[in-house]
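Written below as structure tokens is the structure these notes are about.
The values are calculated or read from the model by the stated rules, or taken from the named source; none is laboratory data. Small disclaimer: the values here were computed from a predicted structure and weren't measured. Positions of Cβ are generated from backbone atoms using ideal geometry, with glycine treated the same way; all protein chains shown enter the neighbour counts.
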Amino acid sequence: MWKAMMRKNQKNNILIAILIGVSFLLILSSQPVDAEEFLPNQNFLIGKVADNQGSPVIDADVTLLDQGGNSISEALTQSNGIFTLPMPNVFSNDLTVKIERHHFEELLVVVDNSDQQLLQAGNTVSIEDQVMVRVINIGFWVATGIFIVVLALIATGKLHTTLSALIGASLIYLVSYIGRPFLEDIYIFNFERSLQYIDWNVIFLVMGMMIVIAIVEHTGIFQWMAFFAYRTSRGKMWLLLPILMLFTGIASAFLDNVTTMLLMTPMTVQIAIALGISPLALLIPEVMASNVIGVSTLVGTPTNILIGSFGNISFNDFLSNLTPGVLVSFIGLTIYSWFIYRNNLKKAHKPTPVLMEKLAERGKITQPENLKKVGWVGLGMIVLFVIGESIHLLPAVTALMGATALLVWIKPNIEEMIEAVDWTTLVFFMSLFIVVGGIQEVGLISFIAENIGNFVGDSLVLSMLAVIWVSAFLSMAIANIPFTAAMLPVIGYLTATVPGAESKVLFFCLSVGAAMGGNGTLIGASANMVMAGIAEAAGYKISYADFFKKGFPAVLITVSIGTVWLFIKFVL
Amino acid sequence: MAGIVCAIRGGPYSRPTIEKSISLSIEKGQKIFFLYIVNLEFLSNALHANIQIMEEELREMGEFILLLATESAKAKNVTAEGVIRKGKVIEEIVAQCKEVDADYILLGKPQMGQSGNVLNIGTMDAFADRIEEASGAKVVYVEGNDAEESKK
């Protein structure tokens, strides 16, 4: 028994040590790194390589050739597209720089005579910035096809979401490694390059929040909230509906939407059954509120986590730029929900004493001590999220530190904690980053960005409208996480090229469109599917058509309000 | 001990099935076992789903649905018990029938166009044959809309 306890404590300590170690690594990784060091008195030929949209071309092979075409120096372009060719002690004139990179046309740059003379004199010389032109080859079409297959597999639900993304990543490796010897142009990227596309900030932020959620969900807070909403409303439906929606929304702003709906739905079903109304009249507004209010924070939706990390948008930025608009959207959604469900809700009657007793029993906090600890740690995490930007603290580090603090303070069963971390979700994100990296690598994203850029021109207004509404409508049909991941580089390009977009408004447009658009269809958001599954398990089935009839007008209302808010905030 | 097993999911389509089981119980003088089966297959493709927590939550929800059914039976002086089982629907129905040596198993008749359900119009006869063969209980389908009995 004692040995077993010791083993359990050791496992706890190991997990905590890993989390602390990862936190430190993330902190260190966020510090600036010194440039590559060279020998003193060494001179260099320096240049910068970008694609035709101005994005740096990374890992391009740069070779300095002499008159006879022999290589006399080699380098790789860095993350900013810059290459630094160390010059040999002795070299002839007529130098040429050859730049090669998969998915781009080879580039040959003749070094000016004046630059060559400077190099001969031992000076470091910087040549003009170079632009590489993309080529569309078989690799482009294969990567595009793989991405479409992954989207289709996720949308149809034929395979687990994670398996769909994993198949996509594996196919990319398969064609890159096995296909390349037979067909050179089919190559997409190698394993090392693919890892560069994985956003580890997202992975660790999601993981940290999962541990926090795993502890929160055992406390009974969700069930208590649902019952508290019922008690507060005293059976008045016009009060119960908005309170339930608000509680669900607030919980979704700090925890993930799926967990919130997993835990709110069963209790809501019981309240509705006790009141003699259809649970769908409460559940559909609840899940919509979850998708709408979740937009207001960095950790509220997976899409915001992706957007925040890619666009370097802080917790504060989301709060200050989106919360007022989200609240007005929520009010619009509440009025709409009451309007469509008023007849059903008005049929509510008083629950029988037996059912009431059962509800009260379920609506209790099961772990009050742990809930207090969660409350303090949660408060600390919010403070760190808020002040994090000013002290260069990444949200992922805050999440990991919060998770570690809870593990140390509460000491939960480590096996349960390991089970509670949804590793499949983490694998999904990693695989998705690789698949999206594939289409980035071959130039599909650049192609889309360039065409959208041509369409919107210099108009910020047109760009905002296009991003919000295209995101909203596409999020109804395809899963919004892969869609957002694919759109981020496009938004990055538009942010750099459209005048006025440097405020990062287009990232906020993507956030609003992708998350609120998820309300349009049952498959638009994972939380919708989970809610529908539980409702069906209680005998209340909702079809795709029924959800669309309720959800589509809700999207029009909430996204319209969101659009107006973003115009007020960023344009007027 | 003989009894009547009444498999329910809750919702409007279960009400006629519950009513029918109560009237059958009064007629045969047998105890009703209201059965709710926790099936988590709908979470198989979902991300972020804590299966352990979800099972607990669905059990609680099932208990509530069963409480509603047993209260209806008690109101008519019929002896009834709520039973929760976890697993595949057919296997659990058969197991419950065997466990209580049931004479009857009452099921809601699937609706036209209903999808995503274990039972549908096309498979209900085969389903009934399988249960009767495996458990010895007679399968009674109850219409969802008008609660008219529809024996196989």
- Within segment B:1-20, restricting to residues that are assigned to a loop (DSSP other than H, G, I, E, B) and crowded, with 20+ Cβ neighbours inside 10 Å, the one that is nearest to the other protein chains (Cβ to nearest Cβ) is B:GLY11
- Query: What residue, among those in segment B:39-63 that are surrounded by fewer than 21 Cβ atoms within 10 Å (Cβ to Cβ) and modelled with pLDDT of 90 or more, is farthest from the other protein chains (Cβ to nearest Cβ)?
  - Reply: B:ARG59
- Task: State whether the residues of segment B:64-76 include one that is closer than 30 Å to A:PHE429 by Cα and surrounded by fewer than 17 Cβ atoms within 10 Å (Cβ to Cβ).
- Result: no
- Query: When you look at A:VAL109, is it buried (at least 16 other Cβ atoms within 10 Å of the Cβ), more than 14 Å from chain B (Cβ to nearest Cβ), farther than 30 Å from A:ASN528 by Cα and in contact with a helix residue (DSSP H, G or I) (Cβ under 9 Å, 6 or more places away or on another chain), yes or no?
  - Reply: no
- List the number of the failed condition for B:SER23; all other conditions in (1) surrounded by fewer than 17 Cβ atoms within 10 Å (Cβ to Cβ); (2) modelled with pLDDT under 85; (3) among the hydroxyl-bearing types (Ser, Thr, Tyr) hold. (2)
- Query: How many residues are more than 9 Å from every other protein chain (Cβ to nearest Cβ) and either buried (at least 22 other Cβ atoms within 10 Å of the Cβ) or in contact with a strand residue (DSSP E or B) (Cβ under 7 Å, 6 or more places away or on another chain) (or both) when one looks only at segment A:208-220?
  - Reply: 6
- Scan A:ILE434, A:ILE382 and give me the residue that is closer than 21 Å to A:LEU298 by Cα and part of a helix (DSSP H, G or I). A:ILE382
- Among all residue pairs at least 6 apart or on different chains, which show Cβ distances below 7 Å where the first residue, located in segment A:133-147, is closer than 17 Å to A:ASN190 by Cβ and the second is surrounded by 17 or more Cβ atoms within 10 Å (Cβ to Cβ) and among the aromatic types (Phe, Trp, Tyr)? A:GLY139/A:TYR187
- Filtering segment A:522-543 down to residues that are more than 10 Å from chain B (Cβ to nearest Cβ) and either more than 20 Å from B:PHE42 (Cα to Cα) or not polar (S, T, N, Q) (or both) yields A:LEU522, A:ILE523, A:GLY524, A:ALA525, A:MET531, A:ILE542
- Of the residues in segment A:425-466 that are acidic (Asp, Glu) and modelled with pLDDT under 90, the one that is surrounded by the fewest Cβ atoms within 10 Å (Cβ to Cβ) is A:ASP458
- Message: Among the residues in segment A:510-530, are any aliphatic (A, V, I, L, M) and more than 24 Å from A:ILE561 (Cα to Cα)?
- Response: yes
- Search segment A:347-373 for residues being over 19 Å from A:ALA226 (Cβ atoms) and at pLDDT below 90, and hand back the single one that is nearest to the other protein chains (Cβ to nearest Cβ). A:PRO353
- Query: Just a yes or no: is a residue in segment A:489-500 buried (at least 20 other Cβ atoms within 10 Å of the Cβ), within 14 Å of another protein chain (Cβ to nearest Cβ) and at pLDDT below 90?
  - Reply: no
- Message: Condition first: touching an Asp or Glu at 6+ places or on another chain (Cβ under 9 Å) and either under 14 Å from A:PHE254 (Cα atoms) or assigned to a helix (DSSP H, G or I) (or both). Now tell me which residues in segment A:312-336 satisfy that.
- Response: A:PHE315, A:ASN316, A:ASP317
- Going by the structure shown, is A:MET237 more than 21 Å from A:ASN519 (Cβ to Cβ) and in the same structural domain as A:ASN519 (by TED's automatic domain parsing)? yes
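Yes/no per residue for (1) hydroxyl-bearing (Ser, Thr, Tyr); (2) touching a His at 6+ places or on another chain (Cβ under 7 Å); (3) in the same structural domain as A:ILE561 (by TED's automatic domain parsing); (4) surrounded by 13 or more Cβ atoms within 10 Å (Cβ to Cβ):
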site: A:LEU322; (1), (2), (3), (4): no, no, yes, yes
site: A:LEU333; (1), (2), (3), (4): no, no, yes, yes
site: A:TRP338; (1), (2), (3), (4): no, no, yes, yes
site: A:SER390; (1), (2), (3), (4): yes, no, no, no
site: A:TRP409; (1), (2), (3), (4): no, no, no, yes
